Amino acid sequence: WQALVRYLDDGRIEIDNNTAERALRGVALGRKNYLFLGSDAGGERAATMYSLLGTAKLNDINPQAYLRHVLSVIADHPVNRVDELLPWNVAL
């Protein structure tokens with residue numbers, strides 16, 4: 001009971017967990033799609049893309065614009081400077 005009413009004593013605690021559930025919604029919706037990635041390597045690539053685009057969102061960058069920019073410059077970009085293309089280093 002004490003854990004259940006803890007939000008009454010601390011105004012920073014939400015009464016529900018809707019924020020957390022919304023954050024995980026994409027994972028729940030795509031769960032069956034992840035079974036059909038083709039191979040372990042395909043799963044690793046998908047995880048990399050989800051992580052990269054999630055990082056772009058966390059840095060307040062439009063993921064579509066970020067991906068468009070990176071794909072347009074990566075062919076001519078030196079491999080030893082690939083960190084310049086990470087979301088927190090790109091100015092769109």
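The values are calculated or read from the model by the stated rules, or taken from the named source; none is laboratory data. Just so you know, these numbers come straight off a predicted model, no measurement behind them. Here the Cβ positions follow ideal geometry from the backbone for every residue, glycine too, while neighbour counts run over all protein chains shown. Heavy atoms of the whole protein, side chains included, go into the accessibility calculation; ligands, DNA and RNA do not. Shrake-Rupley method; radii C 1.70, N 1.55, O 1.52, S 1.80 Å.
Could you list, ordered by first residue, the pairs with Cβ atoms under 6 Å in which the first is in segment 52-65 and farther than 17 Å from ASP83 by Cβ and open to solvent by less than 40 Å² (accessible area, probe 1.4 Å) and the second is aliphatic (A, V, I, L, M) and assigned to a helix (DSSP H, G or I), at least 6 apart or interchain?
Hits for this filter: PRO63/LEU53; PRO63/ALA56.
Six or more apart or on different chains, Cβ atoms under 8 Å: show the pairs whose first residue is in segment 72-92 and of a type outside the set (Phe, Trp, Tyr) and whose second is open to solvent by less than 80 Å² (accessible area, probe 1.4 Å) and outside any helix (DSSP H, G or I).
GLU84/HIS77; GLU84/VAL90; LEU85/HIS77; PRO87/ASN59; PRO87/ILE61; VAL90/ILE61; LEU92/ILE61
Of the numbered conditions (1) loosely packed, with under 10 Cβ neighbours inside 10 Å; (2) at pLDDT below 85; (3) within 13 Å of the chain's Cα centre (by Cα), PHE36 fails exactly one; give the number of that condition.
Just one mismatch for PHE36, condition (3).
Looking for whichever is among the basic types (Lys, Arg) and either surrounded by 10 or more Cβ atoms within 10 Å (Cβ to Cβ) or touching a Pro at 6+ places or on another chain (Cβ under 8 Å) (or both) here; the options are ARG22, ARG6, ARG12. Which one fits?
ARG6
List pairs: first residue in segment 6-34 and farther than 17 Å from SER51 by Cβ, second residue surrounded by 10 or more Cβ atoms within 10 Å (Cβ to Cβ) and of a type in the set (Ser, Thr, Tyr) anywhere in the structure, Cβ distance under 6 angstrom, at least six positions apart or on different chains.
Taking only residues 6 or more apart or on different chains, the pairs are ILE13/TYR7; ILE15/TYR7.
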